[in-house]
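The block underneath contains the structure these notes are about, expressed in C-alpha cells.
The values are calculated or read from the model by the stated rules, or taken from the named source; none is laboratory data. These figures come from a predicted structure and were not determined experimentally. Neighbour counts are summed over all protein chains in view; Cβ atoms, including those assigned to glycine, are modelled from backbone coordinates with ideal geometry. What goes into the accessible areas is simple: the full protein's heavy atoms, side chains included, and nothing from ligands, DNA or RNA. Shrake-Rupley method; radii C 1.70, N 1.55, O 1.52, S 1.80 Å.
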2 protein chains.
Amino acid sequence: LKSRYFEDFIVGERFTTATYEVNAEEIVAFARQYDPQPFHLDLDSASRSIFGELVASGWHTTAIAMRLIVESRVLEATGVIGLGIDELRWPNALRPGDKLVVRCTVVGKEPSRSGKPRGTLRVKQEMFNQRDACVLSQTAILLVACRPQA
Amino acid sequence: LKSRYFEDFIVGERFTTATYEVNAEEIVAFARQYDPQPFHLDLDSASRSIFGELVASGWHTTAIAMRLIVESRVLEATGVIGLGIDELRWPNALRPGDKLVVRCTVVGKEPSRSGKPRGTLRVKQEMFNQRDACVLSQTAILLVACRPQA
C-alpha cells in the first residue's frame, strides 16, 4: 500500500493487511509479561480453564493487529497515532497457529477544528483468523497529518 | 485485595492497584515487536517526531494496565476475562520513568440473562502517572463467575 495523507482517504474505502501467524511460544511470552493468567500461560492449566485450551491475551491480540497495520505502511508518512478506540470486542479466542489478517474500513473523516493541517479518521478494524472467524473488532480514532505544502 | 466473585461487587466501589515503573528499554522492546514506529523505537528519531520524545505504544500502555489489574488478584478466582472495551482513550503520553497506578470503579453489573452462574461487570479503568496525569481511560466489560455452590 502507498503511504497517504489525510486528504487521500475516502470514507467507505477498505484496506487489507498482510497476514501474521502466531505461535504458542509468543502467546506465553506476552502473557508472562503482561497478562499472567492460567489460560494464557501453559497448555495444562489452560485445558482446565473456562477456555479449555491455550488462548492469547486480548491485549496481545490488539498488539498483533497494530503490527499488521503499521507494517501495511499506509500511514507511514504521518504515523499511526491513536487518540482512542471505540467498541473494542474480542468475539472469538485467538489460538496458537492462527493466521491473522486485518481488514480496515474508513468510516469517518473530520478535518481539525483548529485549522491545523491535520484531521481525524475513524477506521473500523477487524482481524480474522484462517477460518474467517473475527478475533478482534474495534474502531480506531486516528490523528492523520495533511500533505506537507511545498 | 481479596479475590471476589460476581455477587461480591457493588456498583460504585473503587479499587486501586499497585504501582509499576516503565523504562525506555521495555518501551523499545514492546515497540520492536508490536508497534515499530520511530517515536516508540529510539530517542533520536523520537526527538524529531510529533511527540518530540520517546513515548510508549498505546497498546503497551493497555498491556501494563492489564498486568496491574491481574496482579491486584481481585479477580484471581474467576479470571480477568474481557468481552470488550468501550471508550478507550490515551489522553497523555506514557514516557520512560513513569510510575503507573490503575484506579478501577465498578460502573455496571448485570447477571447472565441465560441463568448461568455468572454475570458481566462494567469497570472503568484509569491509569495515572506520578504527576497524576491520566495516560489511559477505558471501560472494560468483564465476564465474572458467581461463587461456586457447596
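For chain A, what does -39500 (n - 2.57) per DSSP helix run (n ≥ 4), summed and divided by total residues, give at 222 nm, in deg cm²/dmol to the nearest 500?
Helices in chain A give a 222 nm mean residue ellipticity of -6000 deg cm²/dmol.
Give the interface area between chains B and A as buried accessible surface, both sides summed, probe 1.4 Å, in Å² to the nearest 100.
2900 Å²
Return the average number of partner chain Cβ atoms within 10 angstrom of each residue Cβ along peptide B:87-93.
That average works out to 4.
For B:LYS99, which aspartates and glutamates qualify as cross-link partners when the Cα separation must be under 18 Å and same-chain residues fewer than eight apart are set aside?
Counting by Cα, and skipping residues close in sequence, B:LYS99 has these aspartates and glutamates nearby: B:GLU21, B:GLU25, B:GLU26, B:GLU53, B:GLU71, B:GLU126, B:ASP132.
If you count, for every residue in A:112-125, the Cβ atoms of partner chains within 10 Å of its Cβ, what is the mean?
What the average comes to for A:112-125 is 0.
On a 0 to 90° scale, report how tilted helix A:58-71 is relative to the longest principal axis of chain A, with both axes built from alpha carbons and the result rounded to the nearest 10.
Roughly 40 degrees between the two axes.
So, with a 1.4 angstrom probe, what is the percent of accessible area on region B:34-150 that is carbon and sulfur?
Looking at region B:34-150 in its full context, I get 51 percent from C and S.
If you count only protein heavy atoms with a 1.4 Å probe, what accessible area per residue comes out for region A:45-150, rounded to a whole Å²?
43 Å²
Give the angle, between 0 and 90 degrees and rounded to the nearest 10, that separates the Cα long axis of helix A:24-34 from the longest principal axis of the Cα atoms of chain A.
Compared with the principal axis, the helix lies near 70 degrees.
If the label for A:SER47 sits 7 angstrom from Cα along the Cα-to-Cβ line, what are its distances to the same label in every other copy, in nm to one decimal, shortest first?
Spelled out, the distances from A:SER47's label point are 5.4 nm.
Going 7 Å from Cα along the Cα-Cβ axis for the label, what nanometre distances separate B:PRO117 from the same residue across the other copies?
Copy-to-copy label distances for B:PRO117: 6.4 nm.
Explain nothing, just compute: Karplus ³J(HN,Hα) = 6.51 cos²θ - 1.76 cosθ + 1.60, θ = phi - 60°, for every residue of region B:139-150 in order, whole Hz, x for Gly and Pro.
In residue order, the calculated couplings are 10, 8, 9, 10, 8, 10, 6, 6, 5, x, 7, 5 Hz.
Name the residues whose placed amide hydrogens come within less than 5 Å of the amide hydrogen of A:LEU83, ignoring near sequence neighbours (fewer than 5 apart) on the same chain.
A:ILE141, A:LEU142, A:LEU143
Which loop GluC sites (Glu not before Pro) in region A:54-150, with loop taken from DSSP, have no more than 16 other Cβ atoms within 10 angstrom of their Cβ?
Passing sites in region A:54-150 are A:GLU76.
Determine ³J(HN,Hα), in whole Hz, for all residues of region B:42-57 in sequence, where each value follows from phi through the Karplus function 6.51 cos²θ - 1.76 cosθ + 1.60 and θ = phi - 60°; x replaces Gly and Pro.
The phi angles translate into 7, 4, 5, 4, 5, 5, 9, 8, 4, 7, x, 6, 5, 10, 7, 4 Hz.
Which whole-number percentage describes the relative contact order of chain A, with Cα contacts under 8 Å and a sequence gap of 6 or more?
30 percent
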